[in-house]
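Got a structure for you, written out below as structure tokens; questions coming shortly.
Laboratory data are not the source of any read-out in this text; all were calculated from the coordinates shown. For clarity, every value in this text was computed on a predicted model and none was experimentally measured. Cβ atoms come from the backbone with ideal geometry, glycine included; neighbour counts cover every protein chain shown.
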Amino acid sequence: MLKFRTPVLRLMWAVCLGAVIVGSPLPAQSPVMSLLGRTGINDKAEHFTAYALLMALPAIERFRWRRLRATMLFLFAARCIAG
């Protein structure tokens, strides 16, 4: 099991994990999926975001704030190149 020092991160990770476990097998006609369908967000983007959160939350504890500047610069450059 993952070891978080902060209970807030542990709770956020558990909620995300529960959402992925419960949300993945739901049929497209379920009320939850129809509510998500109204947002206009692509299904692949929803899946990517859910799995990215599951991977990123444990890494937040080890995140170095000094690297934030380089990360933000990279994302800004990638966005500018993408158009």
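Could you give every pair whose Cβ atoms fall below 7 Å, whose first residue belongs to segment 40-61 and is on the phi < 0 side of the Ramachandran plot and of a type in the set (Gly, Ala, Ser), and whose second residue is surrounded by 11 or more Cβ atoms within 10 Å (Cβ to Cβ) and part of a helix (DSSP H, G or I), counting only separations of at least 6 or pairs across chains?
Ala50/Cys16; Ala50/Ala19; Ala50/Val20
Ok, one more. Taking the residues in segment 10-39 that are out of contact with any Pro (no Cβ under 8 Å at 6 or more places or on another chain) and touching a residue at least 40 places away in the same chain (Cβ under 8 Å) as candidates, determine which candidate is nearest to Ala59 (Cα to Cα).
The qualifying residue nearest to Ala59 (Cα to Cα) is Met12.
In segment 27-44, what residues are in a helix (DSSP H, G or I) and either exposed (fewer than 10 other Cβ atoms within 10 Å of the Cβ) or hydroxyl-bearing (Ser, Thr, Tyr) (or both)?
Answer for segment 27-44, where residues must be in a helix (DSSP H, G or I) and either exposed (fewer than 10 other Cβ atoms within 10 Å of the Cβ) or hydroxyl-bearing (Ser, Thr, Tyr) (or both): Pro31, Ser34, Leu35, Lys44.
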